[in-house]
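Participant: There's a structure below that I have some questions on.
The values are calculated or read from the model by the stated rules, or taken from the named source; none is laboratory data. Computed from a predicted model, the values in this text were never measured in an experiment. Don't worry about glycine lacking a Cβ; one is built from the backbone with ideal geometry, like all the others, and counts go over all protein chains shown.
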Amino acid sequence: MNILVAGGTGYIGSHICVELIEAGHDVVVIDDFSNSRPEVLDSIEKITGTRVKFYEFNILDEEKTENVFKENQLDAVIHCAAFKAVGESVAKPIEYYENNLMTTLIMAKMMKKYQVNSIVFSSSATVYGDPKVVPLTEDCPLGETTNPYGTSKAMMERVLTDVQFANPNMSVTLLRYFNPIGAHESGLIGENPKGIPNNLMPYIMKVATGELPCLGIFGDDYDTPDGTGVRDYIHVVDLAKGHVLAIEKYQEPGVHICNLGTGRGYSVLEIVHAFEKVNHVKVNYEIKERRPGDIATCYADPTRAKEQLGWVAEKTLEDMVRDSWNFLQKKKCFYYGARQASTDLQRRMFGQEIEQKYKIKIQDFQYDTFFNRIRSGDGSKLV
Ligand code: UFG
């Protein structure tokens with residue numbers, strides 16, 4: 001199939017692209033790099049050997065979006081282009097509603113116009129609100145969302161459901177993600193948020209590297225075994241594989257709703273300790289006040305995914321914490337190596353290593369620019 005991945009250079013989108021390509025699909029990506037980097041396209045190519053067809057713009061630009069539909073014979077859309085920071089959404093509701101809702105409407109409009117009848121939408125367990133019972137099945141009632149980000153996800157689910165009702169030929173799949181962590185085993189793609197992270201795993205990693213001094217654990221007085229919040233952490237590669245199966249198997253018209261989680265919850269402290277044990281690093285933490293809007297426990301009942309898609313999460317907690325760290329270490333080693341290379345010979349040797357590893361050619365005359373950019377902290381643009 002020829003599949004448009006909206007938001008395809010983001011954390012989850014990039015892993016979806018890799019799995020789609022490895023399953024034999026063609027991929028077209030739209031992204032505006034608002035929370036990702038162009039180098040991700042190179043990394044996808046390094047992993048798969050395939051360069052995805054790429055368009056850089058925000059889907060709010062309807063004309064440009066329409067051109068993508070005109071220029072490509074699309075079979076399906078995976079829509080994961082959205083703003084996703086819970087705290088930021090409280091401060092910027094207009095931007096969140098505009099971006100998340102309008103992009104979905106424009107996407108639906110183009111799908112109708114160009115008769116692309118299948119969409120998989122990145123939804124979230126946040127639509128269940130504060131669960132009355134766990135594990136959460138897809139039949140659990142939707143709950144009160146507590147921030148504009150969560151509300152925008154619930155609204156987008158509703159919009160797409162109504163669109164499907166009016167266009168009975170369409171297949172609309174709402175995948176409700178639990179807590180994705182981890183990274184591709186190559187270490188070439190992973191979660192690399194801009195600024196101070198909101199989510200647990202990226203925060204742990206920044207504390208482990210020393211970039212941030214201490215993890216604040218938001219509450220140890222919840223009604224959970226150790227008092228800290230319990231979530232269903234799922235490896236991002238398992239999550240991405242779920243998308244491939246969803247796009248292939250949910251072809252028949254209708255609205256398909258499916259949880260993507262492991263069915264097992266881990267507490268914040270369990271995650272911190274697993275991270276320390278597997279990666280042999282220390283994570284300083286202190287207990288803080290509860291974070292407003294947080295819930296005690298949330299984990300999935302993944303039975304439907306197993307029955308309808310033949311999907312089960314295969315990776316373990318150890319895989320998740322190891323792969324997250326591996327991704328960050330790869331980046332760190334690169335910058336460390338570049339900074340240490342102080343003589344011309346060292347720089348040349350390091351440069352050759354990089355050339356081999358990343359299959360790129362650094363021209364002699366580019367060496368100075370190359371190392372200066374890394375030293376000035378602009379190295380993220382290079383790999
Ligand atoms: N936590 C901390 N300290 C931190 C960050 C998080 O203790 O610095 C705790 C939270 O209190 C919570 C757990 O770690 O108990 C997980 O928090 P995250 O912010 O990583 O994830 P959430 O469960 O709050 O939210 C995530 C996604 C949302 C999505 C939701 C669905 O960020 O987009 O899962 O359940 F909607």
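Participant: Given the structure, is VAL230 more than 12 Å from the ligand (Cβ to nearest atom) and among the aliphatic types (A, V, I, L, M)?
Facilitator: No; evaluated as a whole, the condition is false for this residue.
Participant: With the structure loaded, tell me whether LYS84 is under 13 Å from GLY7 (Cβ atoms) and among the basic types (Lys, Arg) or whether it fails that test.
Facilitator: Answer is yes for this residue.
Participant: Can you run down the residue pairs with Cβ atoms below 9 Å, 6 or more apart or on separate chains, where the first is in the stretch 8-22 and surrounded by fewer than 24 Cβ atoms within 10 Å (Cβ to Cβ) and the partner is among the aromatic types (Phe, Trp, Tyr)?
Facilitator: ILE12/TYR177
Participant: How many residues are outside any helix (DSSP H, G or I), charged (D, E, K, R) and within 20 Å of the chain's Cα centre (by Cα) if we restrict to the stretch 227-263?
Facilitator: Of the residues in the stretch 227-263, 2 are outside any helix (DSSP H, G or I), charged (D, E, K, R) and within 20 Å of the chain's Cα centre (by Cα).
Participant: Please report, ordered by residue number, the helices (runs of 4 or more DSSP H) entirely within the stretch 285-374 with at least 3 residues that are of a type in the set (D, E, K, R) and at pLDDT 95 or above.
Facilitator: 317-340
Participant: Out of the residues in the stretch 28-48 that are of a type in the set (Ser, Thr, Tyr) and more than 18 Å from ASP61 (Cβ to Cβ), which is surrounded by the fewest Cβ atoms within 10 Å (Cβ to Cβ)?
Facilitator: Restricting to residues being of a type in the set (Ser, Thr, Tyr) and more than 18 Å from ASP61 (Cβ to Cβ), the top hit is THR48.
Participant: Same structure, new question: With the structure loaded, tell me whether GLY187 is in a loop (DSSP other than H, G, I, E, B), away from the ligand (no atom under 16 Å from the Cβ) and small (Gly, Ala, Ser) or whether it fails that test.
Facilitator: yes
Participant: So, SER123, is that one within 16 Å of the ligand (Cβ to nearest atom), at pLDDT 95 or above and either in contact with a His (Cβ under 7 Å, 6 or more places away or on another chain) or under 28 Å from ARG291 (Cα atoms) (or both) or not?
Facilitator: yes
Participant: Could you please give the count of residues in the stretch 175-196 that are of a type outside the set (Val, Ile, Thr) and within 11 Å of LEU328 (Cα to Cα)?
Facilitator: Number of matching residues: 7.
Participant: Looking only at the stretch 126-148, filter to residues that are within 21 Å of the chain's Cα centre (by Cα) and not in a loop (DSSP other than H, G, I, E, B); which one of those is nearest to the ligand (Cβ to nearest atom)?
Facilitator: Among those residues, the one meeting the criterion is THR126.
Table: residues versus (1) closer than 22 Å to GLU248 by Cβ; (2) buried (at least 23 other Cβ atoms within 10 Å of the Cβ); (3) basic (Lys, Arg).
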residue	(1), (2), (3)
VAL90	no, no, no
GLU95	no, no, no
LEU101	no, no, no
ILE106	no, no, no
LYS109	no, no, yes
GLN115	yes, no, no
SER122	yes, yes, no
ASP130	no, no, no
